[in-house]
Every structure is written in C-alpha cells, then in structure tokens.
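*Asks:* Pasting a structure below so you can have a look.
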Amino acid sequence: MNPHVVRHLLAPLHERLLGRRTFADLRELEDMQWWSRRRLRELQRHKLRRLLRVAYAHCLHYRRQIDDRGIDVDIDDPFAALAALPLLDKSTIRANLGGLTNHRVRGGPIRFNTGGSTGEPLVFFVDRRRIAYDKAARMLTHAWYNALPGEREVYLWGAPLELRAQDQIKRLRDRVTNELLLDAFNLTPDTLRDYLARIHDFDPVSIFGYPSSLAALARFARASRTRYAARSLRAVFTTGEWLAPHDRHTLRRYFRVPVANGYGSRDGGFIAHECPHGGMHVLEPNVIVEIVDDVGLPVPRGESGEIVLTHLDAWATPLLRYRTGDLGRLDGPGCPCGRTLARMGVVAGRKTDHLVSADGALQHALSAIYVIRELPTVRQFQIRQDAQRNLCVFIVPDRGFSEDDAEHIRRGLRQRLGEELTVRVRLVRQINLEKSGKFRSVISDATCGSFMGTNPQPAESIA
C-alpha cells in the first residue's frame, strides 16, 4: 500500500474509528519536543493536576491516600502532592485493583496484563487516551530516524493473539498497514531462513523487535552467509529487553543502519527512546520519571537508583509513583540533537534468557512466560532450564492454586518446548534475587546447538 495513503488516510481513519486521537497527539508531541524546560514543566503540572483529580474522583484507593495526607487536588501544588504519596508496587496493585481502577473512563477500561518478564504477572487497565499517547510517542521517535507512519515495518515480536489474527487476515494486513509480523517465539534454522527471505522481499523502512531475537537473526544470517541489501532500511528499533552492547554491534554490523533502543513496558507505557545522537530522551509530555534509592527517597541527578514512573495519560488505572523494578539515572537535557526532553540512562533493565526446545530451536523466554502469566493463582514464578533442556518451574502460589494449575503449566510448556521434556512444578515460599539484586524470571543453562553460527549452513544469498 502506498505509504502516503496509509499515513494520511487509512491509519488516521483507523485510530478515529477506535475513538483515539493518536495523530492529533502526534502533532502536539512534534512541537513539544522542542519546548523550553519551563514550558514542559508547566505542561506536566497541568496534566498531573488533571490526573490527580481523576484519581481522587474515581479511584477509592487514591481517594483514601489523598485524604489521609490532607491533600487538596484542586489547590495544592501537584508536584508536592505527588511526592507525598507512597510508592506503588505490583503487590499493592494486585491487592487493590478494584480501588485503583477508574470504571468511568471514556470508552471504558481495557484489560491488560504484563508479559511477566519480572516473574510477577500483573493485571491492570488502560484507556484509549493512554493507548493514543503511547502510539503517538512511538511514531514520533521513529520519525527521528525518518521512519514515518505508514511506511513498511517488520516486527519480530511474540504476541500469540496478534499472530493468530495475522494468520487470518495476513494479506489484507500486509497490504493495508504496511506491517509484517514475524513470530519471535520459535527461531529454528528453517524459520530464520524464511524470515530473512520475507524481510528481503518486503523491503522494510524499519525493523522492530526484541534485541536478543533480532541479534539471533543477524548472527544466523552471517553464519549462513546470507547477505542483506538494505535498499530501503533506515533503522532497527529494539525494545522489551536490555540492549546488550554486543547485540547492538551485531545488528549494526549486519543491517548497516542505526540501531535505536526504546525503554518502556506494557504497564508503564512508552517512557524513553534513543535519538540519533545517542541520548535516551524521556517523553516528558506523557510521563514523569523519578529515580529513588533503596528506601524510596529521591537521589541527586546523575546518580543511579530505581526508576519510578507516573504516566500522565493513564486514566483507567492511574499509576502514581509506580516502581518499575529497573535501575537507571536521569541525566537532564542538553543533547546535541537540540531536543529539550530530559535524558536518562537505563543501567539495568529487564533481561531474560532464551529457552531451548527439545529439537534445539531457540525460544524466546516470553513464549514460556505466556503460559503462566494468565493464571491468577500465581503470585510469582521462575523458570529454570538445565543443560539437558528439562524445566523446573518455581511457583510462589496465591490463594486457590491447585494441581489443575500445575498441570496447565506442565502441559503448556511441553506444547511449546517439546512433549519429551520433563517439566516439574515446585511450590516455594519465596524466590531469591540475583546477587545483583535483580530478579530473573527465566534462567537457562541449555545450548541451542550449532545453527547459531558454530556450524554454518551452505552459502546462500538473497541480496
């Protein structure tokens, strides 16, 4: 489909039909990225006051907290009011989801859940407003690399529902949206070879996906001597995991275009993105980022601590001072790109291992996480794979966990990774953190065999 038709007609029409003002938000963000620091601060003040009013009027949990602290959301300084509220963590959301949800939000609350990469799946609600702002932020940051809305983009991603929808309407999707969705959950030599051919034929302007999966694709291509002619490609965008320096190097070396990292999450939203000069810019019109120490107190600018987030446009389940569990720092503005948005450094974000199926295929960790994350009876989990590829799942159970839930886990993991594998489920009281203080939901000691580069396939070229 002609990208101009998609950008100026089909995509805006689609967003309007869904009740979202995404492209109007995009036009605002295009202007706001250059605003003065004072003007950005006043915008945040205005939006934060509105958010506090919504939370107070429609969320019992926040009404109690605000009343207990004697805050007047109509009069008091909103930044001071926010600072007076306690930090919000996943356990508090689970225990108080009803009191944290605004059921009167325009269009109604939309149920979401996290991918579970932290080992603690979380149910929450979003609204059309937040979805629109996050989509607009994503389009804005892609445009920093001249990858404009409506232009061809490949997704190496792993949402099973999206993939099933694509199976049903694949041709229409590719033609109308200029998007090609590839499954990141089953990386075998055959699928990787097929993906490389399809990417070449599709000739994307941008490629988007998990950094580890994209790097696996690039390593396989180099090992099999499959060259890629970057005819239209302008950038590779990564998100969902920590972008390791060696993965960035692998992607830049193979695709020969800039590699840009984004930081965000399903619960936290679109938080920050890397510009062509390397600055990780916070989307300050949409979010407020704080960095706190181990006891929840703010740290001086430039020092590292836990990233705490307030999404200014999340009105369905307002997340006020939400603990992300990631470590980072705020560096302030002053990027050579000229944007006035503050910069941040993500010191230690989410990182997951890949798993290996019985036949040696590389499986992204989320393929296994998805089996567990929907279970309301699981408070926390960790999947460990040994060198023989067998699995042990440690479960911190919530009320009502039963043998049926354990069998659901065993059956689901065998379906994804191989019926011949042994899958054990162990109930535990707690799961220990790594020595670094971080939690890993998937740990694998298995190897995936030779197809990732130790024993290259016969030479092949699709360039």
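Every read-out reported here was derived from the displayed coordinates using simple, explicitly stated rules and does not represent laboratory data. Keep in mind the model is a prediction, meaning the values are calculated, not measured. Ideal geometry is used to build each Cβ from the backbone, glycine not excepted, and the neighbour counts take in all protein chains shown.
*Asks:* Bins of 10 Å, beginning at zero and ending with the bin holding the largest distance: percent of Cα pairs per bin for the stretch 355-444, please.
*Replies:* Binned Cα distances yield the sequence 17, 53, 27, 3.
*Asks:* Ok, one more. If you take every DSSP beta bridge whose two residues both sit in the stretch 324-427, what share of them, in percent to the nearest 5, is antiparallel?
*Replies:* The answer is about 75 percent antiparallel.
*Asks:* Could you pull out every residue, at least 5 positions away or on a different chain, whose amide H is within less than 5 Å of the one on V378? Hs are placed 1.01 Å off N in the peptide plane, and Pro or chain starts have none.
*Replies:* D398
*Asks:* Using modelled backbone amide H atoms (1.01 Å from N, in-plane), which distant-in-sequence or interchain residues come within less than 5 Å of A316's amide H?
*Replies:* Distant-sequence amide H within range of A316: D127.
*Asks:* Which peptide among 187-197, 363-373, 291-301, 260-270 comes first, and what is the full order, when sorted by highest mean count of other Cβ atoms within 10 Å?
*Replies:* 363-373, 260-270, 187-197, 291-301
*Asks:* Further question on the same structure: What list of ³J(HN,Hα) couplings, whole Hz, do you get for the stretch 307-324 from phi and the Karplus terms 6.51, -1.76, 1.60, once you set θ to phi - 60° and write x for glycine and proline?
*Replies:* Values, residue by residue: 7, 10, 10, 10, 8, 6, 10, 9, 9, 7, 10, x, 10, 9, 6, 7, 7, 7 Hz.
*Asks:* Amide H of D331 versus every other amide H placed in the peptide plane: which residues, excluding those fewer than 5 positions away on the same chain, fall under 5 Å?
*Replies:* R343, M344, G345
*Asks:* Given N residues in the chain, what is Rg(Cα) / (2.2 N^0.38 Å)?
*Replies:* Cα Rg divided by the expected 2.2 N^0.38 Å: 0.99.
*Asks:* Just order 237-243, 66-72, 223-229, 399-405 by mean Cβ neighbour count inside 10 Å, highest at the front, would you?
*Replies:* 237-243, 223-229, 66-72, 399-405
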